[in-house]
Amino acid sequence: MNMQQIYAQSAYENVKQYEDADKKVRKAYGSMAHKLPVLVRQAGLIQAIAYVATRGKDVQKQLLDHLAKTLGFEGRDALYHQARTASLQEYMLLTRQTLWALEWYKRFAQSILGVEPGEEDE
């Protein structure tokens, strides 16, 4: 399997866990799946992770844990540590890999959870 297939499989399994969740929970998770790539592009990977980790709802923090595991880390703290301590080249690669994985989270948030881009969570 190539990286895209690995990311797709992992994202599918993680998003699928919320398929039967309460609408508010699905919307919070799905809307963050749509917002996180934008945050990464605008503010940078470290700042985006820190923002969600400190201001996000629990289900949105769960997205960070899911993303971290998709990328091969134990959890959001390990991902955050790697982003903070990486060399410039490693940081750029990690950012690219994060955005690739997040594309799958966005797609599955739409198809599985029914959350469209631009939908705000309450």
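Just so you know, all these numbers are worked out from the coordinates, no wet-lab data involved. Computed from a predicted structure; not experimentally measured. Note that each Cβ is placed from the backbone with ideal geometry, even for glycine, and that neighbours are counted across all protein chains shown.
Computed values, structure above
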quantity	calculated
Helical mean residue ellipticity (222 nm; -39500 (n - 2.57) per DSSP H run of 4+; nearest 500) of the chain	-25000 deg cm²/dmol
Degrees separating the helix 88-111 axis from the principal Cα axis of the chain, which is the longest one	10 degrees
Compactness index (Cα Rg / 2.2 N^0.38 Å), the chain	0.98
Trypsin sites (Lys or Arg not before Pro) within the range 57-101: DSSP coil, no more than 12 neighbouring Cβ in 10 Å	none
Between helix 45-55 and the chain: long-axis angle, C-alpha atoms, 0 to 90°, nearest 10	50 degrees
Residues Asn2 and Met92, FRET efficiency given R0 of 30 Å [Cβ-Cβ distance, rounded to 0.05]	0.90
Gain upon complete extension [Lys57, Lys23; 0.36 nm per residue less C-alpha separation]	10.8 nm
Angle in degrees between helix 23-43 and the longest Cα principal axis of the chain, rounded to the nearest 10	30 degrees
Whole-number percent relative contact order across the range 54-115, with pairs defined as alpha carbons under 8 Å at least 6 apart	24 percent
